[in-house]
Every structure is written in structure tokens, then in C-alpha cells.
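Trainee: This is the structure I want to talk about, given as C-alpha cells.
The values are calculated or read from the model by the stated rules, or taken from the named source; none is laboratory data. Computed from a prediction, not measured in an experiment: that's the story for all the values here. Ideal geometry is used to build each Cβ from the backbone, glycine not excepted, and the neighbour counts take in all protein chains shown.
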């Protein structure tokens, strides 16, 4: 069996969407004759841990390096998780001024040291580095140069992006560095076509996010009546969510269940609606069970927003989806092309009839072409990329 060194800063027991892609790749690569070796950081301060995800990696060697970035120092200082949530924006702004290429750059030298040790002992055939953070790509490039191994770099977003943009002078340096990384990579993969275009890499291979079919074998959570479920961060899409709640308030026998992060001011507004239930942040497995128990799934997004990982998990549930957005975007096109639901603009007069149409079984729900988002098939595609680089 061939070996691949996977460089990924975000790895279980960290939770949320940032860890899912690499976790599922690592889980299924052995099926295609590739043994993963994961290089990551020692525990960091993070707003959501999901230890159940480690079950996917129970037979995978995980090597955790030392680290002195802010997240690691916060963990060592035992800063409360709630304080981490509150300080995220301010920390991002400060980090964009202090660190290059990103806030995780203090991890690079520690990851390099451990990476050299892993390569000398385990003799991997190839390196796969996934970003963000983009410091992981720097580790991959330096290890490639030292050991002359093929390198695949994976872009889960275009870089530089984020809630707080870096100063223009740093942004220009980062874009130049990004191009250097692309030029030195043996192959680039991107999470979607939009990211491929934004990083300006025509040769990049698109391997989208997806769903793990094994997760949908569990029993669904029993929800009351006709229940619409939305998962994911709530404050990011609250304007559209508010319109949905107002529409649902006019349909007495419909309920809305919310799963995900929510700040206190937003939660206070949600509590004003009697037929809306907020469950907070759940583990990944709990979230899948709730999705399975839904009558309908709600997807909210902003114009030009990248497709969220939750949409692919919605695909795995085979439930009708209602997407609400101010204008057409890639997520809405996917829903329409695969015939898995309805897409409407952010207006109550469109949202309410769409809910009633799905509730009253007037929607022709005939999903097609969803197998391409099966994590097993996507991992097979990635293994094919690896095989072409290793003779």
C-alpha cells in the first residue's frame, strides 16, 4: 500500500465543517490502496470539539506537532471557549497585521520538524496539503523541496479571504505567494469551480465537498409535525432567516428547528417566534440524525457565497430543500440542476408559497446525479490524482 502524508491543521477532535473534507478523505483512502499519515497540531483553543469524529480516523496514524500560535497558546492558558468565540473577529484583525502568511505561521517550523521525522521514518510516496490555513501549504512546499516528493495542494477557499481582510500590501504579497505555491505544486485541487477560478489555476482539479453515506444509516431524530430544519451558523444568514420565520408564523402547523452557532442578540430575536426551536451546536452525528428527521431542509445564503458543506449533507439525506437567497448563486443552481427542491428570493411572498408547495406534496421531488457527492467516490477521484503522480 502506498503512503500519503496529509498536512492538515484542522483535524478531529476539532469539529465543524473545516475538518470534514480531510477526515473523509483519510477515512476512505485505504480502500484505494493509500495509507494516510496525518500531520497536524497539538490541541488548540477552538470553539467546538467533536470527539466522535475521531472514530473515522481510529486506524489512521496521527502525528501532532508542537505549536506556538495564538490558538495553541490560548489552549495552554486555558482561556474559556466562550471568550474565544467573542474574540474571533478582533483576533483575526490583529493576526492579519502581525503574521504572514496567516495567523498559523508560528506552527510552520514545528510542523516542518515533525514532518521531516515522519518522512524519514515512514517513507511516504506523496504529500497532500490542505488549506486553510495556508501555512499548511507552506509546510508542504518546504517538505517537497527537501525530500523531492510529489505535492498536491488543496484549496478549500481562495486565500486571502475571511471575515476581516488583510491590509492591501499584505494581500498583494499573499496573492504572489499563492501563485508561487501553485507553480511549485505537482497538482492543485479545489473545492469548487468558483475557488478554481479565484485562485486563477486552470489546471486545478475540482473535487467538491460531499456526504458520507455511512452516516445516514443511523436512526432519525423524531421531530414534531411538519418540521423544517436548518443547520449551520445562524448569525451569518439571519436577515433571510428572519423572513423565513415570519413566513412560518403564518402557517400554524409548521415548525422550524435550528442547529448551529448563534450569538445572544440573535437568539433573543429567535425566541420571539413560538414555532421555532433552537437546539444549539450539536455533534456532527447528532446533526445528521436531525437532518434525517426533517420534513424539509432549509438552505440560506448570500449572493456570491461559496456552497456550504451542509448543502452536500442535505443531498445525502434525500429530503426536499428550500433555498432562499437574494439572487441566484451556485448553491441554488445545484439544487435546481439536481431537482432536489425549490429556490426562491428573500421575500415572504415567495417563501410562504414554496413552503406550502413542499408541505402539500406539490413539488416533484426526483433527485438525480447526487452520487458524485458521495465521499467514497470523491476519495476515489483523489486517489486517481495521487496515482498519476506516483510511478
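Trainee: From the residues in the stretch 342-361 that are out of contact with any strand residue (DSSP E or B) (no Cβ under 8 Å at 6 or more places or on another chain) and assigned to a helix (DSSP H, G or I), which one is surrounded by the fewest Cβ atoms within 10 Å (Cβ to Cβ)?
Mentor: Result: 349.
Trainee: Does residue 252 satisfy the criteria of being assigned to a loop (DSSP other than H, G, I, E, B), over 21 Å from the mean Cα position of the chain (by Cα) and modelled with pLDDT of 95 or more? It would help to see each step written out before you state the result.
Mentor: Values: assigned to a loop (DSSP other than H, G, I, E, B): yes; over 21 Å from the mean Cα position of the chain (by Cα): yes; modelled with pLDDT of 95 or more: no.
In short, no.
Trainee: Sticking with this structure for a sec: Scan the stretch 305-337 for residues that are free of Cβ contacts under 8 Å to residues at least 40 places away in the same chain and touching a helix residue (DSSP H, G or I) at 6+ places or on another chain (Cβ under 6 Å) and jot them down.
Mentor: Result: 311, 321, 323, 331.
Trainee: Being at positive phi, in the same structural domain as residue 252 (by TED's automatic domain parsing) and surrounded by 14 or more Cβ atoms within 10 Å (Cβ to Cβ), is that true of even one residue in the stretch 205-228?
Mentor: Initial filter on the stretch 205-228 (at positive phi): 225.
Those left that are additionally in the same structural domain as residue 252 (by TED's automatic domain parsing): 225.
Filter again for surrounded by 14 or more Cβ atoms within 10 Å (Cβ to Cβ), leaving none.
Checked the stretch 205-228: no residue is at positive phi, in the same structural domain as residue 252 (by TED's automatic domain parsing) and surrounded by 14 or more Cβ atoms within 10 Å (Cβ to Cβ).
Trainee: Name the single residue, out of those in the stretch 13-50 being without any contact (Cβ under 8 Å) to a residue 60 or more places away in the chain, in contact with a strand residue (DSSP E or B) (Cβ under 8 Å, 6 or more places away or on another chain) and part of a helix (DSSP H, G or I), that is surrounded by the most Cβ atoms within 10 Å (Cβ to Cβ).
Mentor: Ranking the candidates gives 26 first.
Trainee: Within the set of pairs 6 or more residues apart or between chains, which connect a residue that is over 12 Å from residue 159 (Cβ atoms) inside the stretch 176-187 to a residue that is assigned to a loop (DSSP other than H, G, I, E, B) with Cβ atoms less than 8 Å apart?
Mentor: Pairs that qualify, where the first residue is over 12 Å from residue 159 (Cβ atoms) and the partner is assigned to a loop (DSSP other than H, G, I, E, B), are 186/150; 187/150; 187/203.
Trainee: When you scan the stretch 264-290, how many residues do you find that are closer than 14 Å to residue 232 by Cβ and surrounded by fewer than 14 Cβ atoms within 10 Å (Cβ to Cβ)?
Mentor: 1
Trainee: Here's another thing I want to ask about it. Between a first residue in the stretch 220-233 that is under 14 Å from residue 252 (Cβ atoms) and a second residue that is modelled with pLDDT of 95 or more and part of a loop (DSSP other than H, G, I, E, B), which pairs have beta carbons less than 6 Å apart while being 6 or more apart in sequence or on different chains?
Mentor: Final answer for the pair search is 226/295; 227/294; 227/295.
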